[in-house]
Structure formats: C-alpha cells, structure tokens
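Visitor: The following block contains the structure, expressed as structure tokens.
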Amino acid sequence: MTQPTGPAAYFALFNEIGIIEQLSRAFLEARLPDGLIAPHFGVLNHLIRVQDGRTPLELARAFQVPKTTMTHTLSGLSKHGLIDMRPNPDDARSKQVWLTEAGRALRENTIARMGPDFQRVAAAFPPEKIAAVLPILQELRIFLDENRAT
C-alpha cells in the first residue's frame, strides 16, 4: 500500500489521531466511576498538569469549548466532590477551580486501573517505539496549541 502524500498525508495523520482519541476515550471511560466521562477526567488531569486555581473561562479556553459546556462539566465534578469552586481573589465576579483530595485520588486510581491495559499495549508497542513517536506528537500538539484558530 502506498503512503499518501500532500494534503492527503496530513488528513491521514489527523484521521488516525482522531480514531486513536475515540478508542482511548472508550478505554478511559470504562475505568471511570459511574457518572463520570472523559471530559471530567480531562479537567482533573489538566488541573494537575498546569496547577489548579484556574477560572472556568480559562478552562473553557484550554479545552476549546463554550463556557456553558465547561460550567456543566465542572458542575458534575463538584457534585462528585472532586473539585471545589472558590471565589477568585483577583476578580470577585468569578470563581476558581481547586481539586479536592478525592479529585486527586480519583485521577491516580483511574491511571492505576489502566495499568493492565497499558501492559497489553506495551507488549505490542515496546517502550522504544513509544519513545520514538512521543516527541513528534508532543511537537505537533505544541504547534497546534500555539496556532489555534481564534
């Protein structure tokens, strides 16, 4: 089979990434407690990665979703006791999102529950293969993040 070239190659790349995203979302959601979905986990993971205390608007921008969608996601997290919404000391009109210990623990426990799944992936894709592709994907993510359509 010949490899696509030109725009078709880039379409094929993003198509594969999209399919991987769909499959990995199902993979993740199967390990989350009832009532939680990938966007909930995404917010927990994001707050650990970039530090909590973000406003709902900052989170909506980071995830490129409407503020109302992020508000709904945050409501679900709050209902499960995974985040606290606190007044923003810099702007009394807004709130900040803080992880609770339960939120941090849920993230860690979910990752741990995925361990056997990751072992199956590792059997098919040894660390050397992952190490070879990861920097390219990270570079692509950084480029796309820095060149978002506003």
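Visitor: Say we look at the stretch 22-57 and pick out the residues that are surrounded by 11 or more Cβ atoms within 10 Å (Cβ to Cβ) and charged (D, E, K, R); which of these is modelled with the lowest pLDDT?
Guide: Selected residue: ASP52.
Visitor: Can you find a residue that is more than 24 Å from ILE111 (Cα to Cα) and not small (Gly, Ala, Ser) anywhere in the stretch 18-25?
Guide: no
Visitor: Just to check your reading of the model, which residue among ASP34, ASP117, ASP52, ASP91 is of a type in the set (Asp, Glu) and touching a Lys or Arg at 6+ places or on another chain (Cβ under 9 Å)?
Guide: So the residue among ASP34, ASP117, ASP52, ASP91 that is of a type in the set (Asp, Glu) and touching a Lys or Arg at 6+ places or on another chain (Cβ under 9 Å) is ASP117.
Visitor: Here's something else I'd like to know. Is it the case that the stretch 9-22 has a residue that's free of Cβ contacts under 8 Å to residues at least 60 places away in the same chain, hydrophobic (A, V, I, L, M, F, W, C) and farther than 19 Å from LEU144 by Cβ?
Guide: no
Visitor: Does the stretch 15-39 hold any residues that are more than 23 Å from SER75 (Cβ to Cβ) and over 17 Å from the mean Cα position of the chain (by Cα), and which are they?
Guide: ASN15, GLU16, listed by residue number.
Visitor: Among the residues of the stretch 98-132 satisfying the criterion of being among the β-branched types (Val, Ile, Thr) and within 14 Å of PHE41 (Cα to Cα), which is surrounded by the fewest Cβ atoms within 10 Å (Cβ to Cβ)?
Guide: ILE111
The values are calculated or read from the model by the stated rules, or taken from the named source; none is laboratory data. Predicted, not measured: the structure shown is a model, and the values here were computed from it. With ideal geometry, Cβ positions are generated from the backbone for all residues, glycine too; neighbour counts draw on all protein chains shown.
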